[in-house]
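All remarks here apply to the structure that follows.
The values are calculated or read from the model by the stated rules, or taken from the named source; none is laboratory data. Not measured: the values here are computed from a predicted model. Here the Cβ positions follow ideal geometry from the backbone for every residue, glycine too, while neighbour counts run over all protein chains shown.
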Amino acid sequence: MSDAIRAFDLVAVTYDDWYNHPQGRQVFDAELKAVDMHIPKEGIGLELGAGTGIFAEHLTGVRRTVVCLDPSGEMLKKAAERGMASVLGVGEALPLRVGVLDFTYMVTVLEFLDEPAAVLGEIRETAKEGAELTLLFINSESAWGDFYRDIGSKGDPVFRHARLYTMVEVEALMTVSGYSVTERAGTLTTQPMETEVEGAITEPSSENGVIVLRAHAS
Ligand SMILES: C[S@@+](CC[C@H](N)C(=O)[O-])C[C@H]1O[C@@H](n2cnc3c(N)ncnc32)[C@H](O)[C@@H]1O
């Protein structure tokens, strides 16, 4: 088990507190909207690194099913308590039948992977032919990137394990793993210390705290 996974086990009990904080709730709403707009409206999807399952719960609908996968038993317990289908496992070796998934998405997970290309390659091999992949990640080149790097360097229990990426780096990772990026968007154009959050979806730039890339298997 990686140090990052152990760290998530330790913070699982209080992890969702951030989403109940007024600023955290607005960040959640902005990120949820960005992901919702960039995954298929129907089909069977996987949230890889689903954590407590809060995104998966909100993205599940009549036509869209989401399965949660996470290696942290403590985080996943929360997803199961939400009533989500929950699978304990790592992205590097998905314990799923090949050819079932219509799409996969990740929300701030890439940052915590030791071998991101191996995980993207595994998704590519496990999902259906032509299935979609959507990644939401912290923009390394933004004020939010600076903020998370700073708290990580000061020993934050979670962010000291993070490695942040630029959009160009993530797109390169997706491309070498067999994906073609079809849509690019950003959100969170307000600064980390501002209590009111601007959650409009924009063209991606260094103004965006997070970026979403949508791709299909090429
Ligand atoms: C920042 S949390 C994000 C959780 C959730 N997506 C959210 O946004 O609320 C990152 C998650 O990635 C998971 N993770 C870390 N390493 C992983 C791996 N190798 N495979 C799959 N998930 C992993 C962690 O256990 C943690 O739950």
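Some values worked out for this structure:
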| quantity | calculated |
| --- | --- |
| Members of region 164-181 found to be surrounded by fewer than 15 Cβ atoms within 10 Å (Cβ to Cβ) and either touching a Leu at 6+ places or on another chain (Cβ under 9 Å) or of a type in the set (A, V, I, L, M) (or both), listed by number | Val168, Ala172, Val176 |
| Only listed residue being within 29 Å of Thr126 (Cα to Cα), in a helix (DSSP H, G or I) and either in contact with a strand residue (DSSP E or B) (Cβ under 9 Å, 6 or more places away or on another chain) or within 11 Å of the ligand (Cβ to nearest atom) (or both), chosen from Ala30, Ala4 | Ala4 |
| Out of Asp70, Asp3, sole residue that is of a type in the set (D, E, K, R), at pLDDT below 95 and within 19 Å of Leu110 (Cβ to Cβ) | Asp3 |
| Residue that is nearest to the ligand (Cβ to nearest atom) [pool: residues in region 9-23 that are out of contact with any Phe, Trp or Tyr (no Cβ under 6 Å at 6 or more places or on another chain) and of a type in the set (Phe, Trp, Tyr)] | Tyr15 |
| Filtered residues of region 40-82 (kept if among the hydrophobic types (A, V, I, L, M, F, W, C), over 29 Å from Arg6 (Cβ atoms) and either within 11 Å of the ligand (Cβ to nearest atom) or part of a loop (DSSP other than H, G, I, E, B) (or both)) | Val62 |
| Subset of region 110-120 (residues that are out of contact with any Pro (no Cβ under 9 Å at 6 or more places or on another chain) and under 19 Å from Val67 (Cα atoms)) | Val119, Leu120 |
| Residue match in region 23-37 (condition: charged (D, E, K, R), over 30 Å from Thr189 (Cβ atoms), at pLDDT 95 or above and out of contact with any Asp or Glu (no Cβ under 6 Å at 6 or more places or on another chain)) | no |
| Count - residues of region 83-127 that are away from the ligand (no atom under 12 Å from the Cβ), assigned to a strand (DSSP E or B) and farther than 25 Å from Lys33 by Cα | 0 |
| Some residue of region 90-103 being at positive phi and at pLDDT 95 or above | yes |
| Tabulated pairs, region 62-86, first touching a residue at least 60 places away in the same chain (Cβ under 8 Å), second more than 12 Å from the ligand (Cβ to nearest atom), C-beta under 8 angstrom, 6+ apart or interchain | Glu74/Val13 |
| Looking only at region 128-163, and only at residues there that are of a type in the set (A, V, I, L, M, F, W, C) and away from the ligand (no atom under 15 Å from the Cβ), the one that is surrounded by the fewest Cβ atoms within 10 Å (Cβ to Cβ) | Ala143 |
| Breaking point among (1) under 14 Å from the mean Cα position of the chain (by Cα); (2) at positive phi, for Val119 | (2) |
| Scope region 182-218; condition at pLDDT below 95, charged (D, E, K, R) and surrounded by 14 or more Cβ atoms within 10 Å (Cβ to Cβ); matching residues | Glu198 |
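Matching residues to (1) touching a strand residue (DSSP E or B) at 6+ places or on another chain (Cβ under 6 Å); (2) within 16 Å of Glu132 (Cβ to Cβ); (3) surrounded by fewer than 19 Cβ atoms within 10 Å (Cβ to Cβ):
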position	(1), (2), (3)
Trp18	no, no, yes
Met37	no, yes, yes
Glu42	yes, yes, yes
Thr60	yes, no, no
Gly83	no, no, yes
Ala93	no, no, yes
